1. Order by neighbour count: Thr42, Thr334, fewest other Cβ atoms within 10 Å first, most last.
2. So what is the 222 nm mean residue ellipticity for the chain from helices alone, if each DSSP H run of at least 4 adds -39500 (n - 2.57) and you divide by all residues, rounding to the nearest 500 deg cm²/dmol?
3. Say the dipole of the chain comes from +1 at the beta carbon of Lys and Arg and -1 at that of Asp and Glu; which of His200, Cys269, Val182 then lies farthest toward its positive end?
4. Tell me, what ³J(HN,Hα) does each residue in the stretch 343-353 have, in order and in whole Hz, if you take phi through Karplus 6.51 cos²θ - 1.76 cosθ + 1.60 with θ = phi - 60° and put x for Gly and Pro?
5. May I ask you to list the residues of the stretch 189-207 whose amide nitrogen lies under 18 Å from a point 7 Å from Cα along the Cα→beta-carbon direction of Arg132?
6. With a ≥ b ≥ c the root eigenvalues of the C-alpha gyration tensor of the chain, is it rounded (a/c under 1.5), prolate (a/b larger than b/c) or oblate?
7. Sort the stretch 90-236 into rounded, prolate or oblate with this rule: let a ≥ b ≥ c be the square roots of the eigenvalues of the Cα gyration tensor; rounded if a/c is under 1.5, and if a/c is not under 1.5, prolate when a/b is larger than b/c, oblate otherwise.
8. Pick out, from Leu128, Val59, His43, the residue whose Cα sits farthest towards the positive end of the charge dipole of the chain, with +1 on the Cβ of Lys and Arg and -1 on the Cβ of Asp and Glu.
Amino acid sequence: MGRAAISKKERGVIDMWVADPAFKTDPKIVEAFRYAVRHGCTHYFPAPGFDPNVFQKAVAKHYRRARGCTIDPLTEIVPTHGAQEALSLSVQAAARPGDEVLIPEPTYNVFIEKLEGFGVKPVLVPLLEKERWRIDFDSVKSAITGKTRLIFICNPNNPTGTLCGSKDMEELSDILTENRNVSVILDECYSRMLYGGAEHHSLLGERELMDQVYVVNSFSKTYAMTGWRLGYVVAARKNADRIKQISFEYNGGVAYSVQYAGAVALEKCSGSVRKMHAELRMRRDAMLAGLRELKDVAFVTPDGGFEVFADFSSYTSDSESFVRALEDEARVKTMPGRKYGPSGEGHVRFVFCSNTAERIREGTSRVGAWLEDQ
Ligand SMILES: Cc1ncc(COP(=O)(O)O)c(C=O)c1O
């Protein structure tokens, strides 16, 4: 354990900053991994008797079952090292240095940060906070230039927890139809972590837009598999081929044993997903109840994801120093809203997946007591 971690533990800091679900990976997934390794899947190719496309077939079957859409497992699905790699590969497949990516913000900061490394320019479009952080598609449309190659949409959005509705998807679809040289990356990592009967909408399966759509997903959140580094991209064959080629050049692809475990997750672990989801609902409720107690703090109830993005602008216009003080003095570690884009300034992101409901209550009451002293 590092020194920083030890001192944090000694001081009893409650971590509400990393969206790493504090649940064990289902033992069926662990056993599948061990089975593959024990039976010789420790080489470039899977051992005889193992289906090389077991993962892609499981993903395609999942989408057929869950959303009724047909995706070709052999040509349109690429396994990746988590959604992180899936996002990087999609950007590289779709954009060149000097191109622009439109990003409704606040949103997943790591995506914004990685663009610099590819020489691609983020063009930020503020979400409409007063309308539940809705995407302003008129602004997205007017921000399109000759250099725009991509739009990034995180749905449900981290950190705001809001979902795109069917009308949003229609507007996006119109934009893509009118701008055939613009594509969209749909980050759907939280698409199965929804609350209060919310429904997920996507462009996945819209064949006439397939050439312009990259759907990114991950096993990290749904199956509590953050350390396994498993995700995937769904894209049209020509884009998927490019992604496979870049991925192969980087790292030769995802270990077969991990892919095999992922297939078992999709096929056999819906029970543990349901259990985790029920517990997450309780943790979310505890977080919402705790935040409601805080004076002059507002927030949009999240439809999905693991986070609540709360407005502390009555207290601060510098969220970075505010969360530093929260950690040092209230002993609650959170993320500054500014990190997710300029429109996130004055906000604080609270993660509810990584602590029990009781610990969450303790965390929010520490924040409340601290605010009273300000
Ligand atoms: C919206 C979103 N996309 C992608 C990721 C990265 O996920 P992975 O662990 O699969 O790389 C995260 C992780 O926090 C996330 O919140």
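Only the coordinates and a few stated rules stand behind these numbers; no lab work does. Values in this document were obtained by computation on a predicted structure and should not be read as measured data. Because the Cβ atoms are built from the backbone with ideal geometry, glycine has one as well, and the counts that use them run over all protein chains shown.
1. On the way: Thr42 13, Thr334 25.
So the ranking, lowest neighbour count to highest, is Thr42, Thr334.
2. Details: 12 runs with 147 residues, N = 374.
Dividing the helical sum by the residues of the chain leaves -12500 deg cm²/dmol.
3. My answer, from the dipole projection, is Cys269.
4. 6, x, 4, x, 10, 9, 9, 10, 9, 10, 8
5. What the label zone holds, given the 18 Å backbone N cut-off, is 190-202.
6. Details: a/c = 1.82, a/b = 1.25, b/c = 1.46.
Taking the square roots of the gyration eigenvalues as a ≥ b ≥ c, the chain is oblate.
7. Working: a/c = 1.38, a/b = 1.17, b/c = 1.17.
In terms of gyration-tensor shape, rounded.
8. Ranked along the dipole, the leading option is His43.
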